[in-house]
Amino acid sequence: DYIAMITLRNGTAAFLNNQGNYLLMNRADNRKIAPGVWSGIGGHIEPHEINTPLSACYREIEEESGITRDKISSLELLYIITRRSKDEIRQSYIYFGETDQTELIQTDEGELFWIPRGELLKREYTKTFSAMLEHYTGRDKGDHALYVGVADDNNGELQMNWARCEDFE
């Protein structure tokens, strides 16, 4: 019998808020993963960053937007999304934070836009990011809990199973 080798792909993304507008990227059509869809700012976690996704997140933000770590406040890990894609487990660490910086650089990763919170759900994302943003926009303002979302197949449709991830001691 053939036993599939499962590989891992770890990524990070940030959704930065500036006075009610969120920084989003409309990903370039030539991207390997999620071409042409909307996303936060992010990318792959490098091998030396595997235990510190926050470091990877800061690096990706600076590479893709020009916003440096000192211009970001309260960057919090609010979501970990896990899904299977064939023989690969994809795990995304999603951060939300604040910035006062509005000037941005442009890269070949995609085009950056400031989108009002009320329009966040009016963009085309990956299915897992759509589910995460629906969950995020429905949270109480003071809810800073970390949620883990596991993607499941419900008759061919995505079903996200959300659980709070808290220290039990």
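The values are calculated or read from the model by the stated rules, or taken from the named source; none is laboratory data. This one's a predicted model, so the numbers in the text were calculated from it and none came from an experiment. All Cβ positions, glycine included, derive from the backbone under ideal geometry; neighbour counts span all protein chains shown. Heavy atoms of the whole protein, side chains included, go into the accessibility calculation; ligands, DNA and RNA do not. Shrake-Rupley method; radii C 1.70, N 1.55, O 1.52, S 1.80 Å.
The table below lists the values:
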read-out	value
Among residues of the range 1-18, those that are part of a loop (DSSP other than H, G, I, E, B) and touching a residue at least 40 places away in the same chain (Cβ under 8 Å), counted	3
Candidates D108, D100 - the one that is of a type in the set (D, E, K, R), closer than 27 Å to D29 by Cα and in contact (Cβ under 8 Å) with a residue 24 or more places away in the chain	D108
Residue count for the range 19-70, restricted to those that are open to solvent by 20 Å² or more (accessible area, probe 1.4 Å), in contact (Cβ under 8 Å) with a residue 40 or more places away in the chain and aromatic (F, W, Y)	1
Unique residue being in a loop (DSSP other than H, G, I, E, B) and of a type in the set (D, E) when the list is D29, D70	D29
Flag for E49 being farther than 28 Å from D153 by Cα and of a type in the set (D, E, K, R)	yes
Candidate set: the range 79-103, residues that are open to solvent by less than 50 Å² (accessible area, probe 1.4 Å) and touching a helix residue (DSSP H, G or I) at 6+ places or on another chain (Cβ under 7 Å); chosen: the one farthest from R139 (Cα to Cα)	Q101
Single residue of A14, A28 found to be modelled with pLDDT of 95 or more and either touching a Gly at 6+ places or on another chain (Cβ under 6 Å) or under 20 Å from L104 (Cβ atoms) (or both)	A14
Residue satisfying all of: in the range 134-144; surrounded by 12 or more Cβ atoms within 10 Å (Cβ to Cβ) and without any contact (Cβ under 8 Å) to a residue 24 or more places away in the chain; nearest to P116 (Cα to Cα) among these	E134
Any chance Y93 is touching a Phe, Trp or Tyr at 6+ places or on another chain (Cβ under 6 Å), within 19 Å of G11 (Cα to Cα) and either outside any strand (DSSP E or B) or of a type outside the set (A, V, I, L, M, F, W, C) (or both)	no
